[in-house]
């Protein structure tokens, strides 16, 4: 950051820029920390009211901005775009690390269809409405249609993970939000930077080529990174979360440098890392979640600063009209056409149509035509901003109600499993720290009934803040935390057995619960451990 020296103090350096001073740094740190604290407190309001937190963060930015209390003037669309891209990389990495492969795997074909064919249908329908209903030129209308056709990863991850939905629905929606940024970015950049596309088949071919490059790089980086972290013992546990995020971000950078989809690469790499049973996995996810919150807060506050509220009045109703077409026509039609080959029940299709949440991604993409100085780009930005705010207010809080109305709730499912693994390099063993949540079927099981493989044992139980060495007849309860020691050869088998008991009880394996299939399911146990 640079600032212009005052004329009376500039002396010989008049008219030149000077780097940020320590005094200005102190002020900047104070303001930033206060904004972060306010944003953290806003999460509490968000969780109680059901409103997505992004609206509160946007409100903070608007309140600070030129029409707000502090009258901060900020109109740097290029800086906003750069910071928004960086924040989106972190958000996609955090979302990928928290994505369960078992849920996403069956939904991959549907998610791929929604992210390609679905995006094409949505762009066409929305652009047609923007052209004929609010009078945008075709180039502007197509840019607007492409910008708002991308569902937002941050909004989808934050809302869906609070709603107990069938795994096929959440898997498809989460994967779609991780995948569809790539084709939309390509379309918006092509229309904004290169102008109208003469041959659409060339653009379609370029989209699939970039997706293929990004996917290959994401798989390669994720697999190599996971292999390295499993076989290299770092000297401090705090280095593992840093390494995981660095590997995920490097996937984006390599993908983008190779003219592929960096966004797809980082999401795929993060999914592989998050499902590879890495050491200190809960700590890795916690660190990524913290970075994700910072990225969301910074991105939304900056977008709130960029908007000029007094200019939004003229674009309010055009945004409502385009949003209505997008929500009630374009999105349902794109879901219907994309999912025709998959024979998905209409109730799930209806929920997927309503759960196409928009957030910061469309607003960030709306800065691309502004940076390219496209005629009418400011109006596109204002329409997108109003559309996102209005329809997030409508869709976010009503999504749980719609899930219940369609009888798609899954509140009785087993709780998620969280096992933290700490490698013991010299002893050739592992410490598995496990917490038993409320809905786990491990409640009431005796230690001996766990039937852990030889070479592994429960060595410590923490209950109500007190620890003790269990006997074979010790009955496990909800809320217990277990410390399991396992040698290298049986480490995976011990974890599979723990997951199986958490999912199917002490008779798991005898009554049809497959311990192999339970590996990595994320069902049965949960919690975090130190």
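The values are calculated or read from the model by the stated rules, or taken from the named source; none is laboratory data. Just so it is clear, the model here is predicted, and its values are computed rather than measured. When we count neighbours, we look across all protein chains shown, and the Cβ atoms used for this are built from the backbone with ideal geometry, even at glycine.
Data overview
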| item | result |
| --- | --- |
| Single unsatisfied condition, residue 78 versus (1) modelled with pLDDT of 90 or more; (2) assigned by TED's automatic domain parsing to the domain that holds residue 188 | (2) |
| Residue that is modelled with the lowest pLDDT [pool: residues in the range 345-362 that are buried (at least 19 other Cβ atoms within 10 Å of the Cβ) and not in a helix (DSSP H, G or I)] | 359 |
| Tally, over the range 468-495, of residues that are surrounded by fewer than 19 Cβ atoms within 10 Å (Cβ to Cβ) and part of a helix (DSSP H, G or I) | 5 |
| Entirely in the range 162-237, the helices (runs of 4 or more DSSP H) that have 3 or more residues that are at negative phi and surrounded by fewer than 22 Cβ atoms within 10 Å (Cβ to Cβ) | 181-193, 200-231 |
| Residues of the range 363-380 that turn out to be more than 19 Å from residue 312 (Cβ to Cβ) and assigned to a helix (DSSP H, G or I), as a count | 2 |
| Helices (runs of 4 or more DSSP H) within the range 101-150 that include 2 or more residues within 23 Å of the chain's Cα centre (by Cα) and surrounded by fewer than 21 Cβ atoms within 10 Å (Cβ to Cβ) | 101-104, 108-134 |
| Failed item, numbered, when residue 396 is tested on (1) buried (at least 20 other Cβ atoms within 10 Å of the Cβ); (2) part of a loop (DSSP other than H, G, I, E, B); (3) modelled with pLDDT under 85; (4) in contact with a helix residue (DSSP H, G or I) (Cβ under 6 Å, 6 or more places away or on another chain) | (2) |
| Residue match in the range 261-281 (condition: on the phi > 0 side of the Ramachandran plot, assigned by TED's automatic domain parsing to the domain that holds residue 187, more than 17 Å from the chain's Cα centre (by Cα) and at pLDDT below 90) | yes |
| Residue 290 part of a helix (DSSP H, G or I) and either modelled with pLDDT of 95 or more or farther than 30 Å from residue 78 by Cβ (or both) | no |
